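First up is the structure itself, then whatever we jot down about it.
The values are calculated or read from the model by the stated rules, or taken from the named source; none is laboratory data. Because the structure is predicted, anything quoted here is derived from the model rather than measured. Here Cβ is always computed from backbone atoms with ideal geometry, including for glycine, and neighbour counts include all displayed protein chains. Note: accessible area is taken over every heavy atom of the protein model, side chains too, but ligands, DNA and RNA are not part of it. Shrake-Rupley method; radii C 1.70, N 1.55, O 1.52, S 1.80 Å.
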Amino acid sequence: MKYILFLVALFSFSVQADVFFEAEYGEQPDHLTPVDYPPDEYDRKIINKLFLTDGKLGRFISRPSFGVESCVSVYEYSPETEEIDGASRNTQNNGKKFFITVTRAADSIWHSMPQSNREEKDKQVEVIRTDREISLHLAVAIQRAWGRMLQQTKYPAKASLGLDGTTYQFSVWVKGLGDLNGETWTPDKGLPAEMVAIGNELAEFAENKAANEERLLRRLKEFEIKIPQA
């Protein structure tokens, strides 16, 4: 019996030997997938326009098919002074401070490229910037959630199709691993969808100075617990 099964397997392999591998189609994965590399012109324009800080503690980029691009960057600042929102803020004794910066394009960066607009011209795009100082606790919670989720980044087992929608990209710096990157496309369930929701909530929090950190801290910690161990 084992010999017969071996022959069947061998025959199947021989039949497929001259057929290029193709992925089957299925549902979206419950993890992030690698970001295309090297970056193309659109990627470089987003970086040049929206990456105004280093974002090492967490970055969340929204790239809609229709609409304007945005970026949430979380970072640490330690020199004696920095210009934030037009005002110089002192950091006594080089004490570390943590910030969320939200950058939103006033017009579509994609449609500012000559190959993507009717005029076939390179158009200037203004960027709206919002900064908000946050606690060490929130900065840590963001970095930990991003780090654990991005550590799970891998290619999907199956391909998934979709039109238009939004591509969401994430990155973070983790000691011992360096820069981690991953993305997802218009997720409607699972961990990627929850991570996108948190990213949007971070942007809303930064732009609404009246909002407090408690809800975000709780949600980030609950999210981290759900992520499988690498």
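Tabulated data
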{"quantity": "Pairwise Cα inverse-distance average, inverted: Kirkwood Rh of region 89-149 (Å)", "calculated": "14.9"}
{"quantity": "Exposed trypsin sites (Lys or Arg not before Pro) absent: longest stretch of the chain, with sites in DSSP loops and at most 16 other Cβ within 10 Å deemed exposed", "calculated": "1-55"}
{"quantity": "Accessible surface, the chain, averaged per residue in Å² (probe 1.4 Å)", "calculated": "63"}
{"quantity": "Cα-based reach from Lys189 at 22 Å (exclusive), listing lysines while leaving out same-chain residues under 8 positions away", "calculated": "Lys154, Lys158, Lys221, Lys226"}
{"quantity": "Residue-level accessible surface for Trp110, protein heavy atoms, 1.4 Å, Å²", "calculated": "110"}
{"quantity": "Net charge, Tyr37 excluded, C-beta distance under 13 Å - Lys, Arg +1, Asp, Glu -1", "calculated": "-4"}
{"quantity": "Portion, in percent, of the accessible area of the chain that falls on carbon or sulfur, probe 1.4 Å", "calculated": "53"}
{"quantity": "Shape of region 129-202, Cα gyration tensor, a/c cut at 1.5", "calculated": "oblate"}
{"quantity": "Longest exposed-site-free window of the chain, the sites being GluC sites (Glu not before Pro) in a DSSP loop that have at most 15 other C-beta atoms within 10 Å", "calculated": "127-212"}
{"quantity": "Fully extended contour minus Cα-Cα distance, from Glu76 to Lys175, at 0.36 nm per residue", "calculated": "34.2 nm"}
{"quantity": "Calculated FRET value between Asp36 and Arg215, using beta carbons and R₀ = 22 Å, to 0.05", "calculated": "0.05"}
{"quantity": "Label-point gap, in nm, between His137 and Ile225 - each point 7 angstrom along Cα→Cβ", "calculated": "1.6"}
{"quantity": "Projected-area average for the chain over all orientations - Cα convex hull basis, square nanometres", "calculated": "18.1"}
